[in-house]
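The values are calculated or read from the model by the stated rules, or taken from the named source; none is laboratory data. These figures come from a predicted structure and were not determined experimentally. Cβ placement follows ideal geometry from the backbone for every residue including glycine, while neighbour counts extend to all protein chains displayed.
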Amino acid sequence: MKQLVIFDLDGTLLNTIADLGNAANHALEKAGLPTHPRQAYPRFVGNGVRKLIERVLPEGLRTGEKVESMLDDFKQYYDSHLTDFTEPYPGIPELLQDLAQRGVRLAVASNKYQSAVERLVNHFFPGIPWAAIEGQKEGIPVKPDPSIVFEILTKSPASKADVLYVGDSGVDMETARRACVESCGVTWGFRPLDELIDNHADHVAGTTLQLLRLII
C-alpha cells in the first residue's frame, strides 16, 4: 500500500473547467476582446493561471502588462465564483474517505494560486485530513518543475517508492518523472489518453476503483 498519494486538483479531483472558462471570458470581455467557447478551455489550462491568460489572449497581445491586467480581472471574478459550477468527479469524495480511513496520507499539488486551491479543497473535501495542500506561490516554479512535490515530501516525509502522484495531464506525468515518483494518469479529466501515454505515465486509471487498486 502507498503511504502518500499526491493529487493534482483541476481535472483530477475537481471538474473546474466551467468556472475557469467563465473567469477567463470575463477578463477578455472586460478588455474588449473576443471570448472562447467552454469546450476550448481544456486545452488552455494546466500550467497555472498566468499561462491560461497568455493562451486565451490573441497572439499579438501577449505582453507582460496585458497579462498582468487580465490576471487581476480573472482573479477578482474567479474568487467570487470558483464554486458556481465546479464539482468533484464521480467517486472522488468516496475514494478520499476510503484512503484516509486506511491511513494513506493525502496531498494536493496544483498550479492554481494557493488561496484558490485552499478554498476549493476545504469547500469540497472538508473532512479529509490533508497532509499538505500546495498551490502556486510567488517565487516557486510551477509544475512540471518538481519543487511542489519536494515541498509536500518535506511536510509529509515518505520514501519515494511509497508515493503515487495522480494527475490528468502530461504536465503531471512529467512532474512525477522529474520528482522520481510513480505516476498514474486519470482519463476522466481535461486531457486525452494519448497525452498521458506520450508523457510516460506509469499507470493509467479510468475509474476511481482502478485507482484505488493501484494504491492499496
> In the range 64-110, which residues are more than 21 Å from Q136 (Cα to Cα), over 19 Å from the mean Cα position of the chain (by Cα) and of a type in the set (V, I, T)?
Replying inline: V104
>> Looking at the range 177-202 only, could you name the residues that are under 13 Å from the mean Cα position of the chain (by Cα) and of a type in the set (A, V, I, L, M)?
In response: V186
>> Given the options Q97, Q39, name the one that is outside the structural domain of P141 (by TED's automatic domain parsing), out of contact with any Phe, Trp or Tyr (no Cβ under 7 Å at 6 or more places or on another chain) and either in a helix (DSSP H, G or I) or not aliphatic (A, V, I, L, M) (or both).
In response: Q39
> Name the residues in the range 145-162 that are part of a loop (DSSP other than H, G, I, E, B) and farther than 14 Å from C180 by Cβ, would you?
Replying inline: S156, P157
> Under the condition of being hydrophobic (A, V, I, L, M, F, W, C) and in contact with a Phe, Trp or Tyr (Cβ under 9 Å, 6 or more places away or on another chain), which residue from the range 101-127 is farthest from V56 (Cα to Cα)?
Replying inline: L106
> Quick one: would you say T207 is touching a residue at least 12 places away in the same chain (Cβ under 8 Å) and more than 20 Å from L4 (Cβ to Cβ)?
Replying inline: yes
> In the range 163-205, which residues are in contact with a Leu (Cβ under 6 Å, 6 or more places away or on another chain) and part of a loop (DSSP other than H, G, I, E, B)?
Replying inline: T187
> Which residue pairs have Cβ atoms under 8 Å apart, sit 6 or more places apart or on different chains, and have a first residue in the range 29-53 that is buried (at least 17 other Cβ atoms within 10 Å of the Cβ) and a second that is of a type in the set (K, R) and not in a helix (DSSP H, G or I)?
Replying inline: P42/R191; G46/R191; N47/K143; G48/K112; V49/K112
> in contact with a helix residue (DSSP H, G or I) (Cβ under 7 Å, 6 or more places away or on another chain), assigned to a helix (DSSP H, G or I), of a type in the set (V, I, T) and at pLDDT below 95: does that describe V67?
Replying inline: yes
>> Name the single residue that is nearest to the chain's Cα centre (by Cα) among those in the range 111-155 being among the β-branched types (V, I, T) and surrounded by 15 or more Cβ atoms within 10 Å (Cβ to Cβ).
In response: V117
